[in-house]
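K.L.:
Take this structure, written in structure tokens, and hold onto it; I'll ask about it next.
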Amino acid sequence: MRRGIHREHHPDLGILSARLLFAVQDELFGTLAEQGHTGLRPQHGAVLAYLDVEGTRATDLARRSNQHKQVIGKLVDELEALGYVERRPDPDDRRAKLVVPTERGLDQMTRSDAIMAGLEQRHAQAVGAEVYAEFKRVLHEVALRQRSWRDDHG
């Protein structure tokens with residue numbers, strides 16, 4: 001059996017997870033654009049997906065999203081220019097800054113949550129609620145194990 005044919009019919013974890021990620025990003029950011037949130041890119045998810053309503057330190061965003069602080073800083077700059085976030089002093093540590101969603105950012109967060117809930121509901125209906133819940137549980141476990149391996153070896 002040729003390797004290319006095998007990979008097409010039996011994709012590995014990397015290929016499957018990339019396909020899923022890109023398809024979810026396409027739907028999420030495409031729908032957000034249709035709803036007036038143009039200018040956002042999937043890379044902005046490294047900030048937006050991990051941002052707390054009351055604000056989050058950039059170091060926490062970097063840790064949560066597994067991105068370098070410099071990458072997060074660049075993304076925050078872009079999102080600030082687009083009107084989604086602003087930097088404010090952290091009331092717990094005046095030397096630190098919080099990345100806080102603006103009204104536009106809060107609207108995007110609410111819409112993203114609704115889009116993702118609809119996407120998940122659609123998949124749960126297609127394969128069955130129990131199967132989908134088990135899929136998410138196993139996917140979460142695999143992701144944790146892979147991240148643990150990287151932390152131990154990286």
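Since every read-out is calculated from the coordinates, none of them should be taken as a lab result. Remember, predicted model here, so these are calculated numbers, not experimental data.
K.L.:
Name the residue, out of Gly73, Gly39, Gly128, whose mean-square fluctuation peaks in a Gaussian network model built on the chain with Cα pairs under 10 Å.
P.N.:
Gly128
K.L.:
Follow-up question, since we're still on this one. Would you look at the GNM of the chain, springs on alpha carbons closer than 10 Å, and say which of Val138, Val53, Val100 moves the most?
P.N.:
In this elastic network of the chain, the residue with the biggest mean-square fluctuation among Val138, Val53, Val100 is Val138.
K.L.:
Which of the lysines could a cross-linker bridge to Lys97, judged by Cα under 28 Å and excluding same-chain residues fewer than eight apart?
P.N.:
Lys69, Lys74
K.L.:
Moving to a separate point now. Only Cα pairs within less than 10 Å get springs; with that Gaussian network setup on the chain, which residue of Glu120, Glu86, Glu141 has the largest fluctuation?
P.N.:
Highest fluctuation of the listed residues: Glu141.
K.L.:
For the stretch 95-130 and the stretch 7-43, what is the separation of their C-alpha centers, rounded to whole Å?
P.N.:
14 Å
K.L.:
List the relative contact order of the chain as a percent without decimals, with contacts defined as Cα pairs under 8 Å and 6+ residues apart. Intermediate values should be presented prior to the final figure.
P.N.:
Numbers: 110 pairs, mean separation 26.7, N = 154.
About 17 percent, as a whole number.
K.L.:
Where in the chain are the DSSP H helices whose alpha-carbon span along the long axis reaches 20 Å or more and whose Kyte-Doolittle mean is at least -0.5?
P.N.:
Once both thresholds are applied, what remains is 13-34.
K.L.:
Per residue of the chain, what 222 nm ellipticity follows from adding -39500 (n - 2.57) for every DSSP H run with n ≥ 4, rounded to the nearest 500?
P.N.:
Details: 7 runs with 105 residues, N = 154.
Rounded to the nearest 500, it is -22500 deg cm²/dmol.
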